[in-house]
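Every number here is computed from the coordinates shown, using simple stated rules; none is lab data. For clarity, every value in this text was computed on a predicted model and none was experimentally measured. Using ideal geometry, Cβ is built from the backbone for each residue, glycine included, and neighbour counts are taken over all protein chains shown.
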Amino acid sequence: MTIKIPNVPKIFESAKLLNQFLQSERTRNLKIGFVPTMGALHLGHQKLLEKARSENDVLVLSIFVNRTQFNDIADFQKYPVTWDSDLAIAQKTNVDLIFNPSFSEMYPDDFSYQVSETKLSLELCGKSRPGHFDGVLTVVMKFLQIIQPNRVYFGEKDYQQLSLIEGMIKSFFLDIQLISVSTVRESDGLAMSSRNIRLTADERQIAPLFYKTLITASNADEAYKILEYHGFRVDYVEDRKLTDGKLRRFGAVYIGSVRLIDNVSI
Ligand code: AMP
């Protein structure tokens, strides 16, 4: 009979101690995989963790609600925190280390030093969320310096974020492999998101029409009109040709006070 001992992740709040611990793992030639998150973990995050687990020796998960990427302070204050269920998912996916720093641990300079990008970060979500991607790129750069992973995992649900981080890794010559994971959806098509918890029952009912419209409309203008007709407040819908020549449709909408984003290949 084999007894399965549950993996209990080590929790670090100190960047210095985590860095030292991982330094010693590296000298043993262990490969480090890293999944950054803001917590309120769901099956989308779990897919990233499972992939990272299967490809690395040491699996690091960060849980940090990064204040600097919220252009709307009310959105930050309402961001869900579900520590106990996050821990259960971390155990289930055999996470080795959880990094859960405070704001001052991550920002000893109080965000006076920043990483910013001046083209793509001002388009799509960047237009209506000024400063959002400065916060994202800065915190990810800090994580990458502290953890120095071999591989880092991001979801296609946040496609613009994924592209910007890919560009940052290239631009700053970081020796890190970025792995993307396709969007995990509910059975009705709604992309899983930590913010979905904030939808009322009525809002949750119409939310899947966002994805359905993105995949069925014949062009971005038509999608915009259909979404408005269904009662969404539309931020943008845009069709874009990517560097690989493929077409992708990007959208962001509000249902009540909740902002949802999605993107699909067309
Ligand atoms: P977040 O905690 O929302 O910042 O997301 C952390 C990571 O999980 C990011 O790389 C996201 O793109 C990814 N992610 C969030 N939701 C999904 C999803 N439904 N499917 C795949 N990846 C996701």
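Worth a mention:
- In degrees, nearest ten, helix 15-27 long axis to first principal axis of the chain (Cα): 70 degrees
- For the range 167-226, a Kirkwood radius taken over Cα pairs fed into Stokes-Einstein (25 °C, viscosity 0.890 mPa s) yields D = 171 µm²/s.
- The order of the peptides 208-221, 49-62, 20-33, 106-119 by mean Cβ neighbours within 10 Å, most packed first, is 49-62, 208-221, 20-33, 106-119.
- The Cα atoms of the range 103-250 give a gyration tensor whose axes a ≥ b ≥ c have a/c of 1.5 or more with a/b greater than b/c, which makes the shape prolate.
- Gyration tensor (alpha-carbon) shape descriptor, the range 103-161, a/c threshold 1.5: oblate
- Assigned charges on the beta-carbon of Lys, Arg, Asp, Glu; the chain dipole about Cα centre (debye): 460 debye
- The range 1-73 - convex hull of alpha carbons, volume per residue in Å³: 144 Å³
- Legend: distances between Cα atoms for Lys16/Lys92; Lys78/Lys170; Lys51/Lys241; Lys31/Lys241; Lys10/Lys157; pairs beyond 31 Å are Lys78/Lys170; Lys31/Lys241.
- The mean sequence separation of alpha-carbon pairs under 8 Å and at least six residues apart, normalised by the residue count of the range 22-135, gives a relative contact order of 29 percent.
- Of all DSSP beta bridges confined to the chain, the antiparallel ones make up roughly 45%.
- Taking each DSSP H run with n ≥ 4 as -39500 (n - 2.57) and averaging over every residue of the chain yields -11000 deg cm²/dmol at 222 nm.
- Relative contact order for the range 109-266: 17 percent, from Cα pairs under 8 Å spaced at least 6 residues apart, divided by residue count.
- Cα Rg, Dmax (largest Cα-Cα span) when computed across the chain, Å: 18.9, 62
- Charged side chains reduced to their Cβ positions (Lys and Arg at +1, Asp and Glu at -1) give the range 121-266 a dipole of some 180 debye around its Cα centre.
- For the range 128-172, the Cβ-based charge dipole about the Cα centre amounts to some 80 debye (Lys, Arg positive; Asp, Glu negative; other atoms uncharged).
- Cα centroid separation, the range 126-191 to the range 42-89 (Å): 13 Å
- Unit charges at the beta carbon, dipole of the chain: most positive-side option, Ser194, Gln23, Ala217: Gln23
- Note on the range 109-255: antiparallel DSSP beta bridges, both residues inside, total approximately 65 percent of the bridges counted.
- Farthest toward the positive end of the dipole of the range 73-216, out of Val81, Val95, Phe133, is the Cα of Phe133, where the dipole comes from beta carbon charges about the Cα centre.
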